[in-house]
Amino acid sequence: MSTDDPPRPPATDRDRAASARTDVSFRSAGLRCDGWFYRPAGPGPHPCVVMAHGFGGIRAARLDAFAERFRQAGLAALVFDYRHQGTSEGRPRGLIDIAKQREDYRAAIAYVRGLAGINPHKIAVWGTSFSGGHVLSVAADDHHIAAAVLTNPYVDGPAGIAKTRRVTRLGVRLALARAAVLDELRRVRGREPLRVAIAGPPGSVAIFTTPDAAPGFESILPADRSRWGWEPAVPARILLRIATDRPARRLRDIGRPLLVSVCDRDQIAPVRPAVRVSRTARYGELNRYPFHHFDVFTGPGFERVVRDQTAFLRRTLLEAS
């Protein structure tokens with residue numbers, strides 16, 4: 001472990017009282033990924049939902065709220081931070097690497113399949129926003145996955161870039177493109193990354209600049225976000241990778257129930273590709289909500305979405321023969 005990696009914060013009484021969860025860790029490509037494991041009451045074996053956040057997200061940004069509801073409904077859940085993110089190991093900090101993050105999902109799945117009291121044949125994968133694409137890719141590769149849930153998902157890179165182009169000024173787009181190329185050159189030369197802000201106000205040089213982007217991130221991050229490893233700026237090279245990432249093309253390889261939760265007012269993740277996923281998938285289901293991208297994490301939006309997702313997961317993992 002590098003001395004620059006963030007130490008795992010000790011659990012506080014507030015943490016322990018918040019839910020019946022334990023701090024866990026597993027290895028992915030030799031590096032430690034930190035997580036929380038939620039075990040429901042009873043001896044099991046329990047089904048389990050494996051969960052990670054979207055673009056630049058950390059597990060403390062409201063994923064615990066979903067996991068706790070799943071636990072109360074009789075489902076185990078593992079919520080984890082990717083390598084380079086949150087309190088997990090990995091340098092450079094804040095790196096978003098599509099292939100690595102999908103490897104981390106696979107490592108998390110392997111970890112929970114080996115836990116006592118967990119049914120290895122009843123594992124679901126859950127993703128939100130950018131990790132919706134990860135879930136599609138992982139479920140397409142792993143035919144033993146029992147179900148998948150996509151929340152306000154980002155499932156087609158070119159469609160996302162086109163959506164961003166329509167709401168971003170030319171000068172900002174050029175600045176981001178330049179930063180991405182320069183950061184890739186730095187990577188090749190082994191230099192420190194060139195970072196760009198994840199979110200900012202309209203007109204700023206940031207990856208997400210819709211009116212709800214910066215307030216949305218603010219609404220889901222904990223007050224003690226630095227304790228949990230939140231990185232507000234990330235290496236710009238990820239913008240080059242998004243352009244060719246099209247996980248929705250793997251749908252024909254997914255033969256398990258797939259629930260897509262779409263926010264019709266989403267300004268960040270393209271709505272049409274997500275709807276198309278639900279309609280094209282062999283066992284796809286679609287729930288549509290009159291919400292913006294971040295509304296699913298708090299307030300009435302959270303209550304509606306978590307209720308519907310819990311019902312889906314109970315039906316496919318607990319009640320299915």
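The values are calculated or read from the model by the stated rules, or taken from the named source; none is laboratory data. As the structure is a prediction and not an experimental result, all values here were calculated from the model. Glycine gets a Cβ as well: all are built from the backbone with ideal geometry, and neighbour counts include every protein chain shown. To get the accessible areas, we keep the full protein, side chains included, count just its heavy atoms, and leave off ligands, DNA and RNA. Shrake-Rupley method; radii C 1.70, N 1.55, O 1.52, S 1.80 Å.
Structural remarks
- Looking across 188, 205, one residue alone is open to solvent by 40 Å² or more (accessible area, probe 1.4 Å), aliphatic (A, V, I, L, M), out of contact with any Asp or Glu (no Cβ under 8 Å at 6 or more places or on another chain) and within 22 Å of residue 103 (Cβ to Cβ). It is 188.
- Considering region 233-263, and only residues there that are assigned to a loop (DSSP other than H, G, I, E, B) and in contact with a strand residue (DSSP E or B) (Cβ under 6 Å, 6 or more places away or on another chain), the residue that is most open to solvent (accessible area, probe 1.4 Å) turns out to be 256.
- Conditions (1) free of Cβ contacts under 8 Å to residues at least 24 places away in the same chain; (2) open to solvent by less than 50 Å² (accessible area, probe 1.4 Å); (3) over 25 Å from residue 61 (Cβ atoms): number failed by residue 299: (3)
- Yes/no for residue 197 being surrounded by 13 or more Cβ atoms within 10 Å (Cβ to Cβ), without any contact (Cβ under 8 Å) to a residue 40 or more places away in the chain and either under 19 Å from residue 90 (Cα atoms) or touching a Gly at 6+ places or on another chain (Cβ under 9 Å) (or both): no
- Residue within region 220-233 that is among the hydroxyl-bearing types (Ser, Thr, Tyr) and farther than 14 Å from residue 135 by Cα present: yes
- Whichever residue in region 71-114 is open to solvent by 40 Å² or more (accessible area, probe 1.4 Å) and assigned to a loop (DSSP other than H, G, I, E, B) and, among such residues, is farthest from residue 221 (Cα to Cα): 114
- The sole residue among 123, 145 that is touching a residue at least 60 places away in the same chain (Cβ under 8 Å) and not in a loop (DSSP other than H, G, I, E, B) is 123.
- Restricting 288, 307, 265 to residues that are in contact with a His (Cβ under 7 Å, 6 or more places away or on another chain) and either within 24 Å of residue 62 (Cβ to Cβ) or hydrophobic (A, V, I, L, M, F, W, C) (or both) narrows the list to 265.
Yes or no, residue by residue, for (1) within 25 Å of the chain's Cα centre (by Cα); (2) part of a loop (DSSP other than H, G, I, E, B); (3) modelled with pLDDT under 95; (4) not aliphatic (A, V, I, L, M):
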{"residue": "161", "(1), (2), (3), (4)": "yes, no, yes, no"}
{"residue": "180", "(1), (2), (3), (4)": "yes, no, no, no"}
{"residue": "185", "(1), (2), (3), (4)": "no, no, no, no"}
{"residue": "197", "(1), (2), (3), (4)": "yes, no, no, no"}
{"residue": "203", "(1), (2), (3), (4)": "no, yes, yes, yes"}
{"residue": "216", "(1), (2), (3), (4)": "yes, no, no, yes"}
